[in-house]
Structures are given as C-alpha cells and as structure tokens.
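K.L.:
Here it is: the structure, laid out below.
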Amino acid sequence: MNSISVRALLVRGMLAGLIAGAAAFLVAYFIGEGPVDAAIAFEESHSHEHGGEELVSRAVQSTAGLATGVLLFGVAVGGLTALAHCVALGRVGRFGPRATAALVSFGGLLTVYVVPFLKYPPNPPAVGDPDTIGQRTALYFLMVALSVLLGVAAVILGKRLAPRLGDWNATVAASAAFVLAVGLAFAFLPSFDEVPKGFPAAVVWEFRLATLALQTTLWTVFGLVFGHLAERLHTAGSSPRRVPAAV
C-alpha cells in the first residue's frame, strides 16, 4: 500500500474509533456507573478519613471526564488498529478490506483486552491494595504485551504451517499453540486477590462485566464502521478512471 492509502486509512480509522468511542461511552455511562457508585459508597462508609475536598466532582467524572477518556481511547485504538489493518491486508489470507477489518478488530479485542482480563480482571474503586498498584499495573501491561506478541506469533505460525497442513489444520494448530503459551504465562505470572472483607461480590462482577461490555462494544463498532469505510476507499481506489475521448 502506498503512503496515500495508509494516510487515508489512518484518518478513517481514527474517525471510526471516535464513533466507536461514543458507543462505548453510552455503555460505560448506563451500565458501568452503577457499580462504580456502589464501590465509592462502600469506600466512603469504611473510610476513616473525613473532610477531604474533591478536586473534580463525581458528576463531572461520570460525564465529561468519562466521555473525554473513552473518546480519546477510541481514537487511539482506531489509529493503531488502522495501521495494523494496513499490514494485515492481503497477508493473512484472501480477505477483502471489510473482512480484514473484522479479523483485526477481533484479534485486537482478544489479545489487548480479553486475555489480560482473564488473568488480571479490572476492579472497581475500593478494591486493591494501594501498596501493590505499581506492581499490578506493570504486570497488567506485561500481560497485554505478551498477549499481543503471542497473537502475532500465532498468525505467523499459521501462515507457515498452511502449505503443509492446509488452512484449517494450520489454524487449529496455531490457535492451540497460542492457548498453550497463554496458559504458561498465566501459570508463571503472579496473581492478586485484594478484595476487601465485606465488599459485595456482585458489585465486583457487575463492574467487570460492564468493562467487558464496554470493550466489546468499542471493538465491534470500530470493526463494522472501519470495515465499511475501508471497503469504500478500496472500491474508489480500484475503480478505473474515466479518460476523456479525444476530439
């Protein structure tokens, strides 16, 4: 792909990410804010510190703050995934731009969020030891990096095995290798269980399911919108230009 096509896809990816971020914000606001409020209420009822003044009110956090964070995240995801789409197009199989966008979006959801989620699920406020937040953050991003690298390695392995095993068997073998490698990472990396005593388990699971719904919405909407935009760009670029007849 030439630089003009990459730039055009990058712009469309960021636009699709913005749209996906808007959809994810609605999910976060209507589904995720309830567990967050319940966790904050638990934290305040069990806190021994009083009289602290909020720098940013809870109303601003749950509206403008949440929207800003999710929209910026969506734009960033859109730009990076659009670049990944440029690399994958025509190299992972005989898929068009729309199908490639769907595959890349599914791979992003799986490797960037679902796999790390299974090892280090997110927690609402009041859950987690402040003394281990640095270690937990570093391990989470390490799990994200490992998941992405293992996902890329699985795709490369499948491509190399396809001529000998066939597409289906190569896909099964590469998927099994990915699951095995992720399982080894899960086994060797430390785990954390820092839910405070008396914290409602339902709030924890509602919060985690809300974050999963947010990410699923973000990646799904992005894949659909970006696939449509990439298909239109590809169709417009491949259509023959009309040459005016000689007089």
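The values are calculated or read from the model by the stated rules, or taken from the named source; none is laboratory data. As the structure is a computational prediction, the values presented were derived from the model and not from experiment. Cβ sites come from the backbone with ideal geometry, for glycine too, and all protein chains shown count toward neighbours. Surface areas here come from the heavy atoms of the whole protein model, side chains and all, with no ligands, DNA or RNA. Shrake-Rupley method; radii C 1.70, N 1.55, O 1.52, S 1.80 Å.
K.L.:
Filter region 56-71 down to the residues that are farther than 17 Å from Val225 by Cβ, open to solvent by 40 Å² or more (accessible area, probe 1.4 Å) and touching a residue at least 12 places away in the same chain (Cβ under 8 Å) and list them by number.
P.N.:
Hits for region 56-71 are Arg58, Thr63.
K.L.:
Only one of Ala245, Ala213 is outside any helix (DSSP H, G or I) and either modelled with pLDDT under 80 or not β-branched (Val, Ile, Thr) (or both); which?
P.N.:
When all the criteria are applied, what remains is Ala245.
K.L.:
Which one is modelled with the lowest pLDDT among residues in region 193-209 that are closer than 14 Å to Leu118 by Cα and surrounded by fewer than 16 Cβ atoms within 10 Å (Cβ to Cβ)?
P.N.:
Asp193
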